[in-house]
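See structure below.
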Amino acid sequence: MASDCVYLDHAATTPVDERVLEAMQPWFRGLGAANPASTQHAPGHAAARAVGEAREQLAELLSVTPGEIVFTSGATESCNLGIAGFARSIGRGHVVTVAHEHPAGLDPVRRLAGEGFETTILPAPSTGVVTAADIEPVLRPDTLLVSVMWANNELGTINDMEGIAMLCRDRGVALHCDATQAVGKIPINLERVPITLLSCSAHKMYGPKGVGALYVLAGTRLRPFIEGGGHERGLRSGTLNVPGIVGLGEACRICSDEMNVESARLAELRDRLESSVINRLEQVHVHGDRTLRLPSITNISLGGLLGPDPLVNRLRGLACAAGAACSSSREGPSHVLEAIGVPPERARNALRLSLGRSTTATDIDTAIDCIVAAACS
Ligand SMILES: *Cc1c(COP(=O)(O)O)cnc(C)c1O
């Protein structure tokens, strides 16, 4: 493992919280490893109860009913099931999304376009913040689904989900929301914000990789694409990942308890990082709205740097992202920065710095020095 490196890439993934790891341990071994579908014996019952508790913990964080939660392998699967599974259950019609969504939300919409659905991929606003006013003009009588993320993974910007949800409800259009970056970080109350389908992932909130969930509003029909034993009300077959699901539940509990204090701490550190870089270097740009955003992310670029190598490659001792780590297999500039109109030469020197639970004030000081050193090298 790399040592002596400040980790500011929490938007790509977070380390598992020690308390989460501890909660998961018993469910790997001995009788704890029983299959929660084997309810004819006591260990199976215990595993099923543990899954039920995790379902309640996530439901509480979102203010929904536990029966509306479907566990999956992560947000990519949840987005695919929420978007394509919903559209395919209807069969035809119009689907709307926005250009700076995560590929997990964009690619299923593109897939639907090849299946005879009509799709609109709206251009992104230059602030990165999507409102109902952006969505309203493209809704049609045959629009069946709108898909908009809660918070953007590269910019940290927060969309007006309440306004968008009210619009969709008034028009009788279903709404999918990729809330992967928002769940556990900012308050989400689906009693107030009427969303049909919502995707999230454990590893973005100090839980393990390979487990996530899709919230499915009661009464919503989906066509599953993983079929088999009929787990998760037939929407997602396959033996449940009990330790992972327990970890997701515990991660939710911790976030519920600590969100307010942690948000204030991270916002202060993030703002100090941002303002120090702005003060010490020339032509620093901050991408996306600086108010309507998560406390933990800043996306900046440094101007006046003409080296052929992207800035991120010149950083030593700082782990952060150039664009989205999630699209590492795709070459070229970030589609998010491109979508909000950042010129390519500036996008090339963009850094996404994302803070998290383990980030200290010392980390921030070190990161500032690393960035200044790289910019001047
Ligand atoms: C990380 C991320 C995903 C993908 O989540 P996985 O659990 O890794 O599949 C989807 N959407 C957003 C916004 C993300 O940040």
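The values are calculated or read from the model by the stated rules, or taken from the named source; none is laboratory data. From a predicted model like this one, the values you see are computed outputs, not experimental measurements. Cβ sites come from the backbone with ideal geometry, for glycine too, and all protein chains shown count toward neighbours. Keep in mind that these areas ignore ligands, DNA and RNA; they rest on the heavy atoms of the full protein, side chains included. Shrake-Rupley method; radii C 1.70, N 1.55, O 1.52, S 1.80 Å.
Summed over region 128-154, the residues that are more than 23 Å from VAL193 (Cβ to Cβ) and part of a strand (DSSP E or B) give a count of 0.
Within the bounds of region 206-225, is there any residue that is part of a loop (DSSP other than H, G, I, E, B), assigned by TED's automatic domain parsing to the domain that holds PRO66 and polar (S, T, N, Q)? Checked against the condition, which is being part of a loop (DSSP other than H, G, I, E, B), assigned by TED's automatic domain parsing to the domain that holds PRO66 and polar (S, T, N, Q), region 206-225 yields at least one hit. In region 30-52, the residues that are more than 19 Å from VAL70 (Cα to Cα) never reach a residue that is among the aromatic types (Phe, Trp, Tyr) and open to solvent by less than 70 Å² (accessible area, probe 1.4 Å) with C-beta atoms less than 6 angstrom apart, at least six apart or across chains.
The listed residues are CYS177, CYS168, CYS255, CYS200, and the only one of them that is touching a helix residue (DSSP H, G or I) at 6+ places or on another chain (Cβ under 7 Å), farther than 16 Å from ILE69 by Cα and open to solvent by less than 10 Å² (accessible area, probe 1.4 Å) turns out to be CYS255. When the criteria are applied in full, PRO208 meets the requirement of being more than 17 Å from LEU62 (Cβ to Cβ) and buried (at least 16 other Cβ atoms within 10 Å of the Cβ). The residues of region 1-22 that are open to solvent by less than 70 Å² (accessible area, probe 1.4 Å), more than 16 Å from the ligand (Cβ to nearest atom) and either among the β-branched types (Val, Ile, Thr) or farther than 22 Å from THR180 by Cα (or both), listed by number, are CYS5, VAL6. Checked across region 137-155, the condition of being more than 24 Å from PRO66 (Cα to Cα), within 13 Å of the ligand (Cβ to nearest atom) and acidic (Asp, Glu) holds for at least one residue.
Residues satisfying the criterion are present in region 68-81 (criterion: out of contact with any Cys (no Cβ under 9 Å at 6 or more places or on another chain) and more than 16 Å from the ligand (Cβ to nearest atom)). Among residues of region 236-262 that are touching a residue at least 24 places away in the same chain (Cβ under 8 Å), those with a beta-carbon under 7 Å from a residue that is open to solvent by 40 Å² or more (accessible area, probe 1.4 Å) and of a type in the set (Phe, Trp, Tyr) at least six positions away or on a different chain give the pairs VAL242/TRP27; PRO243/TRP27; PRO243/PHE28; VAL246/TRP27.
Of these, ARG270, ARG233, which one is in a helix (DSSP H, G or I), of a type in the set (D, E, K, R), closer than 18 Å to PHE86 by Cα and touching a residue at least 12 places away in the same chain (Cβ under 8 Å)?
The conditions single out ARG233.
Pairs are defined by a Cβ separation below 6 Å, a sequence spacing of at least 6 or placement on different chains, a first member in region 144-161 that is more than 21 Å from ARG352 (Cα to Cα), and a second member that is modelled with pLDDT of 95 or more and near the ligand (Cβ under 9 Å from one of its atoms); the pairs so defined are SER147/GLY105; MET161/TRP150.
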